[in-house]
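As structure tokens, the structure follows; a few thoughts come after it.
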Amino acid sequence: MPERMIEDMLRAEYFSLLPEIRKVVWQLETEIRYETLSILHSLNHYEQLIVKSRVKDCESAIRALQRRQEGRVFNSDRPEEYSLLTLPDLAGVRVLIFPRSRVVEVDGRLKGRFAGWTPDPVRDEGGIALALKYIGYCSGVSGKVRGEYQVVPMLVGLFWEVEHSAMYKPDPSLRGIGTSTQMKMLKADVEDALKRFETGFESFVTETS
Amino acid sequence: MKRDILLKAGYRYNFDRDLYINRTEKKAFSLEFVDDKPEEELVRRIQEASNGNGWKFYFNSDPPEGIRRELERVLG
């Protein structure tokens, strides 16, 4: 089977799974909103909590599966080895929180609800956790499509929204930007600066309250 | 740095496949192989004789025939 046909096979799989992916994302978002509602109501006026959800689009899912193969090609002799269900993030929810001190509170609340989900923190190049991430099944909704939720300091999360689409879904003329050592260093600098801002902000709040 | 060693040896980065390739030598190193192996092994592999007409792939997992065939098609 030519590689193009494997991609077509995966497109067909995607659209057969789509109703189930949507159900998972709705369920996950609703449960997370419910679980964090009391925290939302207790926020100080300078604090924020935003819940965002997304269904991974078809071509991103295929590219993500392809990126997991060495050489970034599918084995045309073994089409049965490939399924989009191996991706953990077809249905994803991100909770953005400011300031950072509220992250622990939200994480603790959600861990109680999603006990048994597998932690898989997002780490920087040095191995330091930048955000918390969990993967699992929404019981009673789907035993096939996994959900993923992230608990992310807001400034870093908003930076990622811009950075990911510029670096990993770039214009063809910017090919290679995602693997550029210089851009990786600049990204690390930004994440570090945002972290320092949040830490400094929290210290200021603590000292003045 | 490993990247500099490869560039100096005439390898160019293929962004579509995440491979360092040398069309003259017909050799290709996967990004995973380059990341995981020590510099000494990389230098040793660069110095290895090529396969003549066929491509030689340095992957962490030996690429099966279907992948080899597809890569040879796209690399030319």
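Residues of the range A:183-209 falling in the label zone of A:A166, defined by backbone nitrogen less than 16 Å from a point 7 Å along Cα to beta-carbon, are A:183-194.
Put a dot 7 Å past the Cα of A:L186, heading toward its Cβ, do the same for A:E80, and the two dots end up 4.8 nm apart. By the beta-carbon count within 10 Å of each Cβ, the least crowded to most crowded order of B:S30, A:S38, A:S142, fewest first, is A:S38, A:S142, B:S30.
Compared with the direct C-alpha span, the chain from A:I39 to A:Y137 gains 32.8 nm at full extension, assuming 0.36 nm per residue. Lysine pairs in chain A whose alpha-carbon atoms fall under 19 angstrom of each other, counting only those eight or more residues apart or on distinct chains, come to 14. Panel order for A:T36, A:T206, by other beta carbons found within 10 Å of each beta carbon, from fewest to most: A:T206, A:T36. Relative to the longest principal axis of the Cα atoms of chain B, the long axis of helix B:65-75 makes an angle of roughly 80 degrees.
Ranking of A:F114, A:F74 by neighbouring Cβ atoms within 10 Å, starting from the fewest: A:F114, A:F74.
Panel values: the range A:1-124, Kirkwood radius from alpha carbon pairs, Stokes-Einstein at 25 °C and 0.890 mPa s, translational diffusion coefficient 146 µm²/s. Counting only whole DSSP H helices of chain A, the ones at least 15 Å long by C-alpha along their axis and with mean Kyte-Doolittle hydropathy no lower than 0.5 are A:154-167. Look at the alpha carbon pairs under 8 Å that are at least 6 residues apart: their mean separation over the length of chain A gives a relative contact order of 22 percent.
This model, with +1 at the C-beta of Lys and Arg and -1 at the C-beta of Asp and Glu, gives the range A:3-154 a dipole about its Cα centre of some 400 debye. With the simple model of a label 7 Å out from the Cα in the direction of the Cβ, A:T199 to A:K144 spans 4.6 nm.
Note on B:T24 and A:E105: their simple-model spin labels are 6.4 nm apart, each label 7 Å out from Cα toward Cβ. Relative contact order of the range B:2-75, taken over Cα pairs closer than 8 Å and 6 or more residues apart, is 26 percent. Each eigenvalue of the Cα gyration tensor of the range B:2-75, multiplied by 5 and square-rooted, gives one semi-axis; in descending order these are 18, 13, 12 Å. Each Lys and Arg Cβ is given +1 and each Asp and Glu Cβ -1; about its Cα centre, chain B then shows a dipole of about 360 debye. Among beta bridges identified by DSSP and lying wholly in the protein assembly as shown, the antiparallel ones come to about 70 percent.
Take the alpha carbon gyration tensor of the protein assembly as shown, find the square roots of its eigenvalues, order them as a ≥ b ≥ c, and report rounded if a/c is under 1.5; if not, report prolate when a/b exceeds b/c, else oblate. Oblate, since a/c reaches 1.5 and b/c is not below a/b.
If the cut-off is a Cα-Cα distance under 16 Å, which lysines reach B:K37, setting aside same-chain residues fewer than 8 apart in sequence? Hits, sequence-local ones excluded: B:K2.
Our note on the geometry: Cα centres of chain B and the range A:73-99, 27 Å apart. As an equivalent ellipsoid, the range A:63-194 spans semi-axes of 26, 25, 11 angstrom, where each value is the square root of five times an eigenvalue of the C-alpha gyration tensor, largest first.
Values in this text are rule-based calculations from the coordinates and carry no lab data. If you're wondering where the values come from, they're calculated on a predicted model, not measured in any experiment. Here Cβ is always computed from backbone atoms with ideal geometry, including for glycine, and neighbour counts include all displayed protein chains.
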